[in-house]
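The values are calculated or read from the model by the stated rules, or taken from the named source; none is laboratory data. Values in this document were obtained by computation on a predicted structure and should not be read as measured data. Cβ: placed from backbone, ideal geometry, glycine included. Neighbour counts: every protein chain shown. These area figures cover heavy atoms from the full protein model, side chains too; ligands, DNA and RNA do not enter into them. Shrake-Rupley method; radii C 1.70, N 1.55, O 1.52, S 1.80 Å.
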Amino acid sequence: MSQGQTAEEFRAELRDWLEANCPQEMRDGGMTEDGICWGGKNWVFTSEAQKQWLERCAAKGYTVPTWPKDCGGAALNREQEKIFTEEMGRINARSPLESFGIWMLGPALLHFGTQEQKTHYLPPIARGEVRWCQGYSEPGAGSDLANVQTHGADKGDHWLVNGQKIWTSYADQADQIFALVRTDREAKKHLGISFLLIDMEDAGVETRPIKMISGISPFCETFFTDVKVPKANIVGTENRGWDVAKYLLTHEREMISGGGAGLSGGGRSLGAVLTDTLDTLDATLRADAMRCEIDALAIGLTLERYKDQAEAGQGAGDASAMLKYMGTELNKQRHEIMMTAGGSAALEWDGDVGNRAGDWLRTKANSIEGGTSEVMLSIVSRRVLGLPA
Amino acid sequence: MSQGQTAEEFRAELRDWLEANCPQEMRDGGMTEDGICWGGKNWVFTSEAQKQWLERCAAKGYTVPTWPKDCGGAALNREQEKIFTEEMGRINARSPLESFGIWMLGPALLHFGTQEQKTHYLPPIARGEVRWCQGYSEPGAGSDLANVQTHGADKGDHWLVNGQKIWTSYADQADQIFALVRTDREAKKHLGISFLLIDMEDAGVETRPIKMISGISPFCETFFTDVKVPKANIVGTENRGWDVAKYLLTHEREMISGGGAGLSGGGRSLGAVLTDTLDTLDATLRADAMRCEIDALAIGLTLERYKDQAEAGQGAGDASAMLKYMGTELNKQRHEIMMTAGGSAALEWDGDVGNRAGDWLRTKANSIEGGTSEVMLSIVSRRVLGLPA
Amino acid sequence: MSKLVLTEEETMLADMARGFLDGAAPVTAFRKLRDAGETHDAKLWKEMADMGWAGVLVPEDAGGSDMGFAAANVLAGEMGKTLVMSPFLSTAVMAATALRQVSDARAKDALAKIASGDVTYALAIDEGIKHDPDATTMEAKADGNGFRLSGKKTFVVDGAMADRLLVLAKTENGLTLFDIPADRAGIAREKSNMIDARDAAKIDFSNVEATGDDVLGQVDDAMSVLKPALQAGQAALAAEMAGLTAGAFDMTVGYLKERKQFGTEIGRFQALQHRAAHLWCETEVTASAILNAGRMMDNDPENADLAVSLAKAKATSTAILAVQEGVQMHGGIGMTDAFDMGFYMKRARVGAEWLGDFSYHAEKVAALRGF
Amino acid sequence: MSKLVLTEEETMLADMARGFLDGAAPVTAFRKLRDAGETHDAKLWKEMADMGWAGVLVPEDAGGSDMGFAAANVLAGEMGKTLVMSPFLSTAVMAATALRQVSDARAKDALAKIASGDVTYALAIDEGIKHDPDATTMEAKADGNGFRLSGKKTFVVDGAMADRLLVLAKTENGLTLFDIPADRAGIAREKSNMIDARDAAKIDFSNVEATGDDVLGQVDDAMSVLKPALQAGQAALAAEMAGLTAGAFDMTVGYLKERKQFGTEIGRFQALQHRAAHLWCETEVTASAILNAGRMMDNDPENADLAVSLAKAKATSTAILAVQEGVQMHGGIGMTDAFDMGFYMKRARVGAEWLGDFSYHAEKVAALRGF
């Protein structure tokens, strides 16, 4: 695909490529927990097709289609990205790779990283060779993310890091962690934090999964004991890591808002999902499903609108809190409705309607992780509406 | 009816009396704004039947069935009162008399008044001869009811009252007003207020109706300019009027919570009201109606439960805030649903479905007057749940 | 598909409209009309026509500005903010869209008169208390070369003042849409006393004559003309309600910042903050649905059904929430007639009902989404 | 009708139950059973039987304590608070109520065994994913003097451990209820892996023999026996859910008072205060509905339908709200398996579904209220 290509030329070429390269088994749209390819050194492909699909996409830059080419992407513009999403959706293709590297660290490095950091860290992410996790929250801090106690003592060429993180998603399977570390204890809360990159195999890094109510352990506690982190492993400026974190939180919000509910890319109608298991829907269930469907469509359009605005140079800024709040609350509601429609079959772990209960319980974390709904509403209240704090 | 009567004897006797004495025209259950008899010196009966019904009930003490006999009541106990409500409901009888004297001043005098005050003020209320209104709120104070600026200067045998009240219901038609007046400007906010009884015909009392969004003017502004109020006209102790007001607010809450929604005494099913005008209800409308009906029944039972508890000596106390909040929010919702069911006919003032729009707009004040829903929730939060202020 | 951002032209149009309406038609102007019992401001409508608003959907060769549906929605939104009373929706949006479906000289002439502001229209569609064009029972009996119309229509918005009526009636093999003058013999109009203080009428048709020329489009095929018109109206009404929501919301947030109680601004109370923030989120989401409806109608009108019903349903629920919160957060003052919030609440209720209520459009969304 | 206040006896019963359960069956006991994969605590059930709980609805002449439905609800409520695992609902409430409808020696004997804690029961009613006894398709074919039962039942609560089953099946002219031992030839039970860690089973009946003596009540007339039993179960389940709600709510309010963030107790944040207060209001209103259901069943069982469906519907919506708020207000910790709130959320979901969900009972309320 060349810069001079028209949209329709791009679409035709892409369609041909997908037809030739996307394995049949990867055309089930599977975005269940089991269908996702997370990549990383320890990754075990669930099938040869999954491996092939990742490799072929990575070669074209299609795991991170909007990233620059020297960072492993395909440098698609917004219009091409829309076409890419549409064409992937048309054949129901699975995403070739998902990861915190793609969602979180990538955007941070693209914005704050040096050119050297970009070309060093991003291509392995794009190829699914290195899996990252996020180290923000700490025990007891909850929504107060800037309340960072993990400390990095300045030792000249490195920081000596001690402390503990919690809710580090899949830390037990990750190769690297990006973490907020307090590097100046004298400064004000938000001004003494640095954004550091740490290898999970470094001496002194330990991790322990946390079992959740859904029965799985997507989160861990991660402990740092005298871990040496080279000075080069910082993103952005020393003690200004909060800027990076804030920027990333915005990304995370948009991701969580749409991801779970399958809002971008024309997710399946809730009503259609319900009528899979029930012949008729009672008035209250049908009414709930209609309201939820209306909200899902409107929120999905809002995600699109914000992306279009971003391309037009208007960042979402604090309004991303709205996306996060609305998307996650909707997703919780959607799963409540699906549980009701699933009846007694949904009350079993891995019953006749799959792991519906596990998925339902998983959604309860949506409005907590990445900033609670209450924090999102406070952000809107103060920063968007200008109400007094 | 004698003290020794059994419940069934009382019921039989009452049924006979109602059969003989309740005029046919008064058996339409009419609790619309037009059907209510408010009494007072200026009252114009809408029919001879209305007058007869009031007089006959007053003679038996049935306008205030639970009040003592020397105060104009029938001294019914809780069991008899339930039977009274049931039998009135059975023949769909209108209430013979409604007034702020019955709802508000009566309970206050029965609790805080001297024996002389009780026998002086209460019988005329019971007979519908004197109509009272309430002077609590002041301009700008809003929910902060204790923020009383209306001042009573001590002049030995009387107070000289100056100031302004707002939201004085039907003050333009009332004969007397019970008002909160600041009688000690030095004391703390809640400790310098007295509860005074003032004649609306006194020199210096003026009143002006406020037109509401529903098109009617049930409220007024009331102005006091050098009004002389005799020292005898105080309920309770000087400067402790807030105790009386608080006690009355509890009564008001219970009244507002149940009154509008017709919750006590088996109000008509919302669904049945809706199917008067629509053959079938859409899923969302039917679901809303079902939820509202369930809440109405449960809140109605809660009113009953609290009355039963009161008889057993357990006052509702701060929990009355719950009744007020739940009842008024329900009533607003109920009228939203009725507006939807009324379609375009409900969008006209006095259209084919009566004054449904006016009633709907009137309900919007329910969650503001007598303490807003927000104040009610704060009361529950602090005083019932003990959350920190 | 075009992007879900306002174009530069649309932003300019909105700014221009706001500037004009703040001067010519603020809420105080609405109050004056209401107090005087007036339901139409002829001078204002003429000015709007001069600015090209009456002809927003009229082709340029018929003297219109032909700005498209998204632009019409922008104008409707700005009018909504200050409760502007005008025949914009019935005439400039719905009648014009209906007439555009027909390419004959008569229709072109009618469009020209709409664009110039010389003729106003009302749609006489509904007969029962709920919007339901398919349930039409009014008959247009064949009579020689023409028809005789008999029956009753209700909730005809702008029906008391309109010069012409688009009337939906049953003919032998379907429904037919007639375009007739409102003063034709046999038509009796009774103005309803509406809570939003606007024009709506009950209209009685008693053996009213209509010729074949009065038929708009084809006999027995009203919907190919009427359906696009109703969709345009539904989307513009959704936009108006979003404007109304914005108006009520701005008043409310302003009040939260300024009103003091218990010694502090009430906007400092977190419970109110979160409710206001939630409401703002709903308005943002609603805005997307409305923008999308305009884009779909302009670019892919055949497939705009879902977008339009989504917009109307979402705008309705958001507006109802906004006025409820508006009144409650203002407390007693919000309940008084002297304060404007009540106007917003009443208009929101009428807007919620007109051209299909929440349930009506939610059912359409459900059907289009397969349940 | 009796008053809507707890009697002195009921208050004492509640206090006594609380005292016992806090010692014998706190949530930690539930966790232990869950971790061990156990779904029944035989020792605990024996102790409950000794206290008269297993016989709460068994007549005194059959060795029961015969305390009535309101008392059964009190016990269910206390069990709900600490998520007590027991066959109380299936055996002591539903099976006992069914058996009481039949006055023969066999039923009396069965009741005595329930009261003594020697026999447990499960109700094999539902076949589809939603509660719907009327939709029973399982057949009991006449075979000589008896029947042959074939078909599948699902969501049979306590079905894996119960000694006996009450089985609903189609006979020639209606539905019939059978009371048979769970180990009879042809019965295959498969324990389901339930989210609330309790006993529920899928049961396959393959040509299972049943004699005329196994019929509970009359052939073709299951409902006169089953309906009161289901009602008793629905009311007691509503009471259990209200108890569960209270348990979750108390944890949540406690957390609001103790947990600090941004330098202060989170219970100081007004938005959380108002949500907690609203939830408390809902629990109060729910309590009235449950008390009323008990009173109606004890005093006017023929007319208890509305009261029971009201209680189950309201208890369901309140419990769902309570656990949602419980998890959200606890934040991340509330999502961990190590914390108890998740147990409440999962049990609330199962309680919501069992014996008719919100919609099921809302439809019943609507029907009884004329719409």
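Yes or no: the range C:151-160 includes at least one residue that is over 24 Å from C:Glu38 (Cα atoms) and open to solvent by 10 Å² or more (accessible area, probe 1.4 Å). Outline the logic, then answer.
First, pick out the residues of the range C:151-160 that are over 24 Å from C:Glu38 (Cα atoms): C:151-152.
Applying the additional criterion that residues be open to solvent by 10 Å² or more (accessible area, probe 1.4 Å) yields C:151-152.
Yes; the residues of the range C:151-160 include at least one that is over 24 Å from C:Glu38 (Cα atoms) and open to solvent by 10 Å² or more (accessible area, probe 1.4 Å).
From the list B:Glu336, B:Glu293, which residue is facing another protein chain (nearest Cβ under 7 Å), at pLDDT 90 or above and in a helix (DSSP H, G or I)?
Working: B:Glu336 fails: facing another protein chain (nearest Cβ under 7 Å).
Testing whether each residue is facing another protein chain (nearest Cβ under 7 Å), at pLDDT 90 or above and in a helix (DSSP H, G or I) leaves just B:Glu293.
Would you be able to say whether some residue in the range C:213-228 is within 18 Å of C:Ala70 (Cα to Cα), in contact with a helix residue (DSSP H, G or I) (Cβ under 7 Å, 6 or more places away or on another chain) and not assigned by TED's automatic domain parsing to the domain that holds C:Ala71?
Initial filter on the range C:213-228 (within 18 Å of C:Ala70 (Cα to Cα)): C:227-228.
Pick out the ones that are also in contact with a helix residue (DSSP H, G or I) (Cβ under 7 Å, 6 or more places away or on another chain) and you get C:228.
Retained after the next criterion (residues that are not assigned by TED's automatic domain parsing to the domain that holds C:Ala71): C:228.
Scanning the range C:213-228, I find at least one residue that is within 18 Å of C:Ala70 (Cα to Cα), in contact with a helix residue (DSSP H, G or I) (Cβ under 7 Å, 6 or more places away or on another chain) and not assigned by TED's automatic domain parsing to the domain that holds C:Ala71, so the answer is yes.
Could you check the range C:1-77 for helices (runs of 4 or more DSSP H) lying wholly inside it with 1 or more residues that are more than 21 Å from the chain's Cα centre (by Cα)? Full working, then the answer.
Numbers: elements: C:8-24, C:27-36, C:42-50.
Once the helices (runs of 4 or more DSSP H) in the range C:1-77 are filtered for at least 1 residues that are more than 21 Å from the chain's Cα centre (by Cα), what remains is C:8-24, C:27-36.
Given A:Gly358, A:Gly370, which one is in contact with a Phe, Trp or Tyr (Cβ under 8 Å, 6 or more places away or on another chain), over 19 Å from D:Leu272 (Cβ atoms), open to solvent by less than 30 Å² (accessible area, probe 1.4 Å) and not hydrophobic (A, V, I, L, M, F, W, C)? Working first, answer last.
On the way: A:Gly370 fails: in contact with a Phe, Trp or Tyr (Cβ under 8 Å, 6 or more places away or on another chain).
Exactly one residue qualifies, and that residue is A:Gly358.
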(request) Could you check how many residues of the range D:267-294 are touching a residue at least 24 places away in the same chain (Cβ under 8 Å) and open to solvent by less than 10 Å² (accessible area, probe 1.4 Å)? (result) 8
(request) Name the residue, out of A:Leu347, A:Leu330, that is crowded, with 22+ Cβ neighbours inside 10 Å and either in contact with a Cys (Cβ under 6 Å, 6 or more places away or on another chain) or without any contact (Cβ under 8 Å) to a residue 60 or more places away in the chain (or both). (result) A:Leu347
(message) Which condition from (1) surrounded by fewer than 18 Cβ atoms within 10 Å (Cβ to Cβ); (2) assigned to a helix (DSSP H, G or I) is the one that D:Ser103 breaks?
(response) (2)
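For the range B:191-206, what are the residues that are on the phi < 0 side of the Ramachandran plot and either open to solvent by less than 10 Å² (accessible area, probe 1.4 Å) or among the small types (Gly, Ala, Ser) (or both)? Walk me through how you get there before you give the answer.
Narrowing the range B:191-206 to residues on the phi < 0 side of the Ramachandran plot: B:191-203, B:205-206.
If the condition is that a residue be on the phi < 0 side of the Ramachandran plot and either open to solvent by less than 10 Å² (accessible area, probe 1.4 Å) or among the small types (Gly, Ala, Ser) (or both), then B:Gly192, B:Ile193, B:Ser194, B:Phe195, B:Leu196, B:Leu197, B:Ile198, B:Ala203 are the ones that fit.
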(message) Can you confirm whether A:Ala312 is buried (at least 24 other Cβ atoms within 10 Å of the Cβ), among the small types (Gly, Ala, Ser) and within 10 Å of chain C (Cβ to nearest Cβ)?
(response) no
(message) Which count do you get for residues in the range D:106-136 that are of a type in the set (D, E, K, R), part of a helix (DSSP H, G or I) and over 23 Å from D:Phe358 (Cα atoms)?
(response) 4
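Which residues, counting only those in the range D:221-238, are surrounded by 20 or more Cβ atoms within 10 Å (Cβ to Cβ) and out of contact with any Leu (no Cβ under 8 Å at 6 or more places or on another chain)?
Scanning the range D:221-238 gives D:Pro228, D:Gln231, D:Ala235, D:Ala238.
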(request) Could you list all residues from the range A:83-99 that are open to solvent by 20 Å² or more (accessible area, probe 1.4 Å) and either touching a Pro at 6+ places or on another chain (Cβ under 8 Å) or closer than 24 Å to A:Thr250 by Cβ (or both)? (result) A:Thr85, A:Ser95, A:Glu98
(message) Of everything in the range B:70-81, what is in a helix (DSSP H, G or I) and surrounded by 19 or more Cβ atoms within 10 Å (Cβ to Cβ)? Give them in sequence order.
(response) B:Cys71, B:Gln80
(message) Step by step: first the residues of the range B:339-368, then only those that are in contact with a Lys or Arg (Cβ under 7 Å, 6 or more places away or on another chain) and either of a type outside the set (A, V, I, L, M) or in a loop (DSSP other than H, G, I, E, B) (or both), then the one that is nearest to the other protein chains (Cβ to nearest Cβ). Which residue is that?
(response) B:Gly343
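Could you look through the range B:296-309, keep only residues that are more than 7 Å from chain D (Cβ to nearest Cβ) and either closer than 24 Å to B:Arg362 by Cα or among the β-branched types (Val, Ile, Thr) (or both), and pick out the one that is surrounded by the most Cβ atoms within 10 Å (Cβ to Cβ)?
Within the range B:296-309, the subset more than 7 Å from chain D (Cβ to nearest Cβ) is B:296, B:300, B:303, B:306-307.
Still in the running and either closer than 24 Å to B:Arg362 by Cα or among the β-branched types (Val, Ile, Thr) (or both): B:296, B:300, B:303.
Details: B:Ala296: 22, B:Gly300: 25, B:Leu303: 23.
By that ranking, first place goes to B:Gly300.
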(request) Could you check A:Ala146 against (1) closer than 15 Å to A:Leu248 by Cα; (2) small (Gly, Ala, Ser); (3) crowded, with 23+ Cβ neighbours inside 10 Å and say which number it fails? (result) (3)
(message) Just to confirm my filter: which strands (runs of 3 or more DSSP E) fall fully inside the range D:166-225 and include at least 1 residues that are of a type in the set (Gly, Ala, Ser) and touching a residue at least 24 places away in the same chain (Cβ under 8 Å)?
(response) D:174-181, D:200-210
(message) Between a residue in the range B:369-389 that is within 7 Å of another protein chain (Cβ to nearest Cβ) and farther than 17 Å from B:Met326 by Cα and any residue that is among the polar types (S, T, N, Q) and crowded, with 18+ Cβ neighbours inside 10 Å, which pairs come within a Cβ distance under 8 Å, given they are 6 or more apart or on different chains?
(response) B:Leu387/B:Ser381; B:Leu387/D:Gln273
(request) Given the conditions (1) touching a Phe, Trp or Tyr at 6+ places or on another chain (Cβ under 9 Å); (2) part of a loop (DSSP other than H, G, I, E, B); (3) open to solvent by 50 Å² or more (accessible area, probe 1.4 Å), report the number of the one that D:Lys141 does not fulfil. (result) (2)
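Suppose we filter D:Ala197, D:Ala238 for residues that are within 14 Å of chain B (Cβ to nearest Cβ), at pLDDT 95 or above and over 30 Å from C:Ala277 (Cα atoms); which single one remains?
Numbers: D:Ala197 fails: within 14 Å of chain B (Cβ to nearest Cβ).
Unique residue meeting the criteria: D:Ala238.
What strands (runs of 3 or more DSSP E) lie completely within the range B:132-198 and have 2 or more residues being at pLDDT below 95? Even if it seems obvious, please write down each step before you answer.
Values: elements: B:132-135, B:151-154, B:158-169, B:176-182.
Result: B:132-135, B:158-169.
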(request) Report, by residue number, each residue of the range D:346-367 that is in a helix (DSSP H, G or I), in contact (Cβ under 8 Å) with a residue 60 or more places away in the chain and more than 9 Å from chain B (Cβ to nearest Cβ). (result) D:Lys346, D:Arg347, D:Ala348, D:Arg349, D:Val350, D:Gly351, D:Ala352, D:Glu353, D:Tyr360
(message) With the requirement that a residue be open to solvent by 10 Å² or more (accessible area, probe 1.4 Å) and not in a loop (DSSP other than H, G, I, E, B), what does the range B:36-69 give you?
(response) B:Glu48, B:Lys51, B:Gln52, B:Glu55, B:Arg56, B:Ala58, B:Ala59, B:Lys60, B:Lys69
(message) I need the full set of residues from the range B:317-327 which are open to solvent by 20 Å² or more (accessible area, probe 1.4 Å) and either on the phi > 0 side of the Ramachandran plot or more than 10 Å from chain D (Cβ to nearest Cβ) (or both), in order please.
(response) B:Gly317, B:Asp318
(request) Output the residues belonging to the range C:144-165 that are of a type outside the set (A, V, I, L, M, F, W, C) and part of a strand (DSSP E or B). (result) C:Gly146, C:Arg148, C:Ser150, C:Gly151, C:Lys152, C:Lys153, C:Thr154, C:Arg164
